Amino acid sequence: MSFSAQSIIFRNFKVSRAFRWILVAAALSAVAAPDTADARTARPGAFDGTWNVTFTPRAGNCHASNTVPFNVHGTRVSSAGGGKVTGGISRNGTVTVRITVGASWADGRGRLAGNSGTGRWSGFITGDRCSGVWQAIRS
């Protein structure tokens, strides 16, 4: 059995060329495949409605829980009464808000899913630094 330098070079070239095309095809199929994360995201407006959000303090000199109604419309979160509420919500339910009542304020972050949600908040309430958790239920 004899091999020439030319047959070895061309055989390796063919293998490396085929390997390159396999890599290109794999990369193209990964780019063209639908993103399963996008398939799981909610349609625009999926969280629309009034949400009753209960804020429970866990740290600081704030002792009482408070329930505040929020409106969600599209990607915006706003007040449904009880102070100024600004914020936004992404298609996957990630929500950020700022609540201001007089000199008190709180920032909250979390996630809504279906008709409920949870998250954390921190702020400056009646002169004291406080933080805690929140739970939301869609009315």
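The values are calculated or read from the model by the stated rules, or taken from the named source; none is laboratory data. Quantities reported herein were computed from a predicted structural model and do not represent experimental measurements. With ideal geometry, Cβ positions are generated from the backbone for all residues, glycine too; neighbour counts draw on all protein chains shown.
The C-beta contact set for the stretch 51-62 (first residue free of Cβ contacts under 8 Å to residues at least 24 places away in the same chain and not assigned by TED's automatic domain parsing to the domain that holds Val77, second residue of a type in the set (Val, Ile, Thr) and crowded, with 22+ Cβ neighbours inside 10 Å, distance under 8 angstrom, 6+ apart or interchain) is empty. Restricting attention to the stretch 118-131, report how many residues are surrounded by fewer than 19 Cβ atoms within 10 Å (Cβ to Cβ) and either in contact (Cβ under 8 Å) with a residue 60 or more places away in the chain or not in a strand (DSSP E or B) (or both). Count: 5. Scanning the stretch 40-50 turns up no residue that is surrounded by 16 or more Cβ atoms within 10 Å (Cβ to Cβ) and under 18 Å from Ile125 (Cα atoms).
Please work out which residue is surrounded by the fewest Cβ atoms within 10 Å (Cβ to Cβ), limiting yourself to the stretch 80-94 and to residues that are at pLDDT 95 or above and either closer than 14 Å to Gly49 by Cα or outside the structural domain of Gly119 (by TED's automatic domain parsing) (or both). The extreme case among them is Gly88.
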